[in-house]
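Participant: What follows is a structure written as structure tokens; I'll ask about it next.
The values are calculated or read from the model by the stated rules, or taken from the named source; none is laboratory data. The model shown is predicted, which means the values in this text are computed figures rather than measured ones. Positions of Cβ are generated from backbone atoms using ideal geometry, with glycine treated the same way; all protein chains shown enter the neighbour counts.
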Amino acid sequence: MATVAELKAALKEALARRGALGQVRARVRAEVFAALDDPGEPRPAAPRETLLLNELIREYLQFHRHNASASVFLAESGQPEIPLDREFLAKELHVVEDPSSRSVPLFGLPASHLIKATKWKLLQTQNMVCGF
């Protein structure tokens, strides 16, 4: 008969092999935060900037399917359950979207623009060196 330690190790290995260990750990953390959060004690209202930034983080986590991380983040941040609309976020942040920008989270747009600009500058530099 297997010992408790052997069963624990086998369970941990099976969860890790299936990719579920991290999700289970994150879910437990989220539940602990939810249990410790006193619903009778009102949270201070977050400033508008914090609310918008937290929504960008939520959208990023959900876009990349980091659902366990998102559940912990939402429990800790106290964001409303219903996310803000992407168009509303873009308008509030003065972001003008085009069809290609919809393929990345709003949080990733600055990085995407920097990468494109860097590639463009690199291409221009290569063309100058080659005499084009």
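Participant: So which helices (runs of 4 or more DSSP H) are wholly in segment 1-82 and hold at least 2 residues that are among the charged types (D, E, K, R), closer than 30 Å to VAL95 by Cα and in contact with a Pro (Cβ under 9 Å, 6 or more places away or on another chain)?
Facilitator: 48-63
Participant: Further, regarding this structure: Out of (1) loosely packed, with under 10 Cβ neighbours inside 10 Å; (2) modelled with pLDDT of 85 or more; (3) not charged (D, E, K, R), what's the single condition that is false for VAL129?
Facilitator: Here VAL129 clears every test but (2).
Participant: Residues in segment 79-96 that are within 23 Å of ARG25 (Cα to Cα) and surrounded by 14 or more Cβ atoms within 10 Å (Cβ to Cβ): how many?
Facilitator: Residues in segment 79-96 being within 23 Å of ARG25 (Cα to Cα) and surrounded by 14 or more Cβ atoms within 10 Å (Cβ to Cβ): 1 in total.
Participant: Among what's in segment 97-114 and is at pLDDT 75 or above and among the hydrophobic types (A, V, I, L, M, F, W, C), pick the residue that is surrounded by the fewest Cβ atoms within 10 Å (Cβ to Cβ). Let's see the steps before the verdict.
Facilitator: Going through segment 97-114, the residues at pLDDT 75 or above turn out to be 97-109.
Still in the list and also among the hydrophobic types (A, V, I, L, M, F, W, C): 104, 106-107, 109.
Details: VAL104: 13, LEU106: 20, PHE107: 17, LEU109: 16.
Residue satisfying both the conditions and the ranking: VAL104.
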